[in-house]
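*Asks:* Structure in structure tokens, see below.
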Amino acid sequence: MGILNVTPDSFSDGGVHGDSVAVGLAMGRDGADIIDVGGESTRPGAAVVDVATEMSRVVPVVRALAAAGLVVSIDTRNAVTMRAALAAGACIVNDVSGLSHDPESASVVAECGCLVVLMHMRGDPATMAQFAEYQDVVGDVLSELSVRVAAAEAMGISRSRIAVDPGFGFAKRGADSQRLLQHLERLHVLGLPVLVGVSRKGFIGTLSGQPVAAERFPGSIAAALWAVAKGASILRVHDVAQTVQAVRVWRGLAGLE
């Protein structure tokens, strides 16, 4: 899954995707199976973007990429944006709130019959740091994701259409994210595909000693390969070509190619 932030203030690449459609097409050529289009930054402390602005950013990009034959996911917490993006050709909803932010979002996903990624987060991007307190971060995330999955099923979303994301960096300190990744296999008890989004995250900067987010792609690839070895089904990444090459080599050495 290639990350396409159509925003001016992403933590890693805000403002650099001036021609977002061209960037998305390039990600597809580089081997991304999914292009994840987002119009609202969810970095810690990010300002809320109004829905009209979010839609004006993402819908034209979604439409163009889908028309080119790419599989597109819409990274949004807002039901109106979900509906518009799905109508424009997106086939996956990737919601950092696990369909808890907007009371209409679960209904949109259920009605449209699309796939959905439910991410773990406490609070919202502006407040999540204050909720990063865990007894057992892996067990707590697993329990809270189970609640979100059950809520989605209760709204008519088939379990076969759900993937989960433990939400690295969202209401988690660096040590929490590190422990989650170390014990990722525990999430497989849910019986659902697991999406891992650790690309350029702060804990990789801490482990690698690299303070500049855009320069963390070697560390991000190392973390991605660890996640694959732990059973991740989807990698959400900035550096598509480099990650695809690394995963192909890993799979070849593992006898999976």
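The values are calculated or read from the model by the stated rules, or taken from the named source; none is laboratory data. Owing to the predicted nature of the structure, the values given are computational and were not obtained by experimental measurement. A quick note on method: Cβ atoms are made from the backbone with ideal geometry, for glycine too, and the neighbour counts reach across all protein chains shown.
*Asks:* Among the residues of the stretch 90-111, is any of a type outside the set (K, R), under 17 Å from the mean Cα position of the chain (by Cα), over 30 Å from R63 (Cα atoms) and modelled with pLDDT of 95 or more?
*Replies:* no
*Asks:* Quick check on the stretch 186-210: of everything there that is within 11 Å of A163 (Cα to Cα) and assigned to a loop (DSSP other than H, G, I, E, B), which residue is nearest to the chain's Cα centre (by Cα)?
*Replies:* P193
*Asks:* Taking the stretch 74-96 on its own, how many of its residues are assigned to a loop (DSSP other than H, G, I, E, B) and crowded, with 21+ Cβ neighbours inside 10 Å?
*Replies:* 6
*Asks:* Only one of V71, V6, V37, V62 is within 18 Å of the chain's Cα centre (by Cα), at pLDDT below 95 and of a type in the set (A, V, I, L, M); which?
*Replies:* Numbers: V71 fails: at pLDDT below 95; V37 fails: at pLDDT below 95; V62 fails: at pLDDT below 95.
Among V71, V6, V37, V62, only V6 is within 18 Å of the chain's Cα centre (by Cα), at pLDDT below 95 and of a type in the set (A, V, I, L, M).
*Asks:* Given the structure, is A152 touching a residue at least 24 places away in the same chain (Cβ under 8 Å) and not in a helix (DSSP H, G or I)?
*Replies:* no
*Asks:* What are the residues in the stretch 224-257 that are in a helix (DSSP H, G or I) and in contact with a strand residue (DSSP E or B) (Cβ under 8 Å, 6 or more places away or on another chain), if any?
*Replies:* Matches in the stretch 224-257: A224, A227, V228, V240, T243, V247.
*Asks:* Given the conditions (1) farther than 27 Å from A26 by Cα; (2) surrounded by fewer than 21 Cβ atoms within 10 Å (Cβ to Cβ); (3) out of contact with any strand residue (DSSP E or B) (no Cβ under 7 Å at 6 or more places or on another chain); (4) not aromatic (F, W, Y), which single one is not true for A171?
*Replies:* (2) is the only condition that A171 fails.
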